[in-house]
Structures are given as structure tokens and as C-alpha cells.
Amino acid sequence: MLQAIAFYVFSFVLLVSALMVVSARNPVHSVLFLIFAFFNAAGLFVLLGAEFLAMILVVVYVGAVAVLFLFVVMMLDVDFEDLKKGALQYLPIGALIGLGMAAELVLVGSVWAFAPGAHTALASATPAGMTNTEALGHILYTDYVYYFQIAGLVLLVAMIGAIVLTLRARPGVRRQSIPAQNARTPAMAMEMHDVKPGQGA
């Protein structure tokens, strides 16, 4: 019963947070709601017995979103004076969200401590004699190795596309020309000067 309540709480908050990510007008608020959604998704992974995925979601994705938040602040013209002026009116909402996250953490801890079927669910999430991390690696690199490689290739193409789209050629900037460097000869690379005694170079 407690597991079902925790599942519905995490799922509801996750859906609301995801909706607020795409509907919030302020990009900073969208990033904060995205972090909240990641925490709730991690809670669902913990309920499923996949604690490794939950920790990866919190450590990697929340860290990446923090970097994304930094880039948003750097690239967008966000006026911090206006944000500071309206900070007090968001204090009750922030406190409510913080209390909600604390309640969810307590709920997750109580599920694993007091729910009668918690140990059974954890045991059924992985094969016998194998940890959660080992089972995940075994599935990724045996059954779904091609999908894993395709996902990495898609991320590589996305990274190259982002670099190409944001690359701007600025006039007056000296750039490296590899063909010109390869075509250099000793005569082009070196000049001989006959310096007379008492004269500078």
C-alpha cells in the first residue's frame, strides 16, 4: 500500500514538473522545474529497485542541468535586479517545493524501511547473485549493445551539429591553416640575415 502511494505521488509530481518545464516563461524557472522532475524520476527508479539508475540520474543529469543553467544565464540577457526584486513573492512557493521534496525523500526511506514487500521488489529487480550495476551493464553490453552504440552515435552527431550551428567566422581573427602549414618549405620558414658587427638584428 505504501509503495502504491509513493508511486502515485512521484508520478503526479513528475508530470506536473514536466508540464511546468514547457509552460514556464522564465528559462530559469524551467531549469528548476526540470531538476525537480529529475529528482522525482530518480524516486521512481528507487521504487523499482534500480538504485544505480536513480543515482546516475541525480548525479549526471542534475549536474548537467546545472551547467545548462549556467549557459542560460551566460547566453540570455537575464536581469538579476528584476529577479531579486520579485524573489520574496516566490519564497512561499519555493518553501512549499522544498517541503515537498523533503516529504518525498522521507516517503522513499519509509517505503524501503517499513513496506513488507520492499525486499522482495529489490530482489526481483536483478538476477540472483548479481548486483544492480552488474545486471544493467550485462543488459546494455549484450542484449542492447547496438542500440547503445546508436545512441552514442546520435549524441556525437548532435554535438557536432551544435558546434557547426554556433560557429561564426569573425573577420580579423587569425586562424590555423593546416594545408598552408604542410606546404611550407625551409626557404619559407627561415630567413638568413647578414648582421654587421655593431648593428642590431
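The values are calculated or read from the model by the stated rules, or taken from the named source; none is laboratory data. In this text the structure is predicted, and so the values were computed from the model without any measurement. Just so you know, the surface numbers come from the protein's heavy atoms only, side chains and all, with ligands and any DNA or RNA stripped out. Shrake-Rupley method; radii C 1.70, N 1.55, O 1.52, S 1.80 Å.
Could you tell me how many cubic angstrom of Cα convex hull volume segment 1-63 has per residue?
60
Any idea of Val62's accessible area? Nearest 10 Å², probe 1.4 Å.
Answer for Val62: close to 30 Å² accessible.
Under a 1.4 angstrom probe, counting protein chains only, how are His29, His193, His138 ranked by accessible area, largest first? Before the final figure, lay out the partial values.
Numbers: His29 55, His193 140, His138 100 Å².
So the residues, ranked largest to smallest area, are His193, His138, His29.
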